[in-house]
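Please treat every number below as a calculation from the coordinates, not as lab data. In this text, all values refer to a predicted model and were calculated from it rather than measured experimentally. Every residue, glycine as well, gets a Cβ built from its backbone with ideal geometry; the counts of neighbours run over all protein chains shown.
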Amino acid sequence: MPVTYTLLPGLHGDTTLFPPLVEDLGDVLTECVEYPTTISQSYDSLEKWLSEQLDWQIPRVIIAESFSGPLALRLAKRFPHSVQSLVLAASFCASPKNPNLAILPLRPLLMLSPPKRTLRHFLIGDEASEQQVTELKKIVSRIPSKVLSQRIRAILGLQSSDSPCLKKLPMLILQASDDNMVPWETQNQLCMHYDHATTHWLDGPHLILQSASAECASIIKDFAEQSTPQVSYV
């Protein structure tokens with residue numbers, strides 16, 4: 001049975017930013033997930049929803065962006081016979097030690113119309129085209145403020161001690177060297193917590209799967225093809 005590359009979104013929670021990566025992944029089987037906005041956005045609630053909505057009888061490579069990293073870790077622990085390998089991009093396993101550091105880059109996203117310069121600085125980088133920034137602004141502006149606030153609260157409630165032990169699970173961590181959204185200490189904490197993972201630091205902003213989609217896709221495919229399926233990752 002072919003492996004399904006399952007893409008879990010960042011804080012925006014939908015599939016609108018995935019097309020470049022899906023295209024660069026080529027002929028692999030992909031499934032892009034969009035989170036419902038009518039349920040609680042806590043990690044417990046979203047984990048329950050994902051466990052019920054996806055088919056966990058098939059082999060999967062989970063690619064989790066930013067906000068979805070903690071969810072992917074939980075799902076890998078819960079469905080070890082399905083999740084053959086895990087990719088975490090610009091993600092984390094705990095909230096920054098200083099809550100003010102976590103809130104600062106997120107505040108502009110709660111605005112009805114976040115400034116383009118803010119989106120460039122925190123999310124997509126100075127090299128992004130005007131069209132990319134305009135599209136990103138539309139995406140961010142569509143997120144209901146209540147939903148975004150709940151997701152931010154979920155992040156702030158994270159503790160590294162809650163992260164499951166997955167020492168036998170093939171894991172790839174992609175971190176952005178110019179990430180102004182996730183503090184370096186928080187990025188490094190993820191790498192240290194899962195020190196068996198293969199880690200790549202790429203030049204680019206927080207939305208590294210979009211700004212460097214071809215490079216990310218190449219690294220992901222090579223990693224997934226070389227990973228040996230395990231019987232159990234507990």
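Tabulated values for the structure
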| item | result |
| --- | --- |
| Point-to-point label distance, E127-D203, nm (Cα→Cβ direction, 7 Å offset) | 0.6 nm |
| Set of lysines with alpha-carbon distance to K116 below 20 Å, sequence-local pairs under 8 removed | K137, K138 |
| Least to most buried among S227, S177, S45 (fewest other Cβ within 10 Å first) | S177, S45, S227 |
| Label-point separation, K138 to H196 (7 Å along Cα→Cβ), nm | 4.4 nm |
| Cut-off 11 Å, label 7 Å out along Cα→Cβ of M1, residues of segment 77-91 by amide N | 81-83 |
| Amide hydrogen neighbours beyond the local backbone of T4, cut-off 5 Å, H modeled | R60, V61 |
| Residues with amide H under 5 Å from that of S91, placed H, sequence gap 5 or more | S66 |
| Degrees between helix 130-142 axis and first principal axis of the chain (Cα, 0 to 90, nearest 10) | 80 degrees |
| Proxy reagent accessibility, fewest Cβ within 10 Å first, across S213, S68 | S213, S68 |
| Separation of the D44 and S113 label points, Cα + 7 Å toward Cβ, nm | 4.0 nm |
| Residue order, fewest to most beta carbons within 10 Å, for K221, K146 | K146, K221 |
| Cα long-axis angle, helix 43-53 against the chain (0 to 90 degrees, to the nearest 10) | 60 degrees |
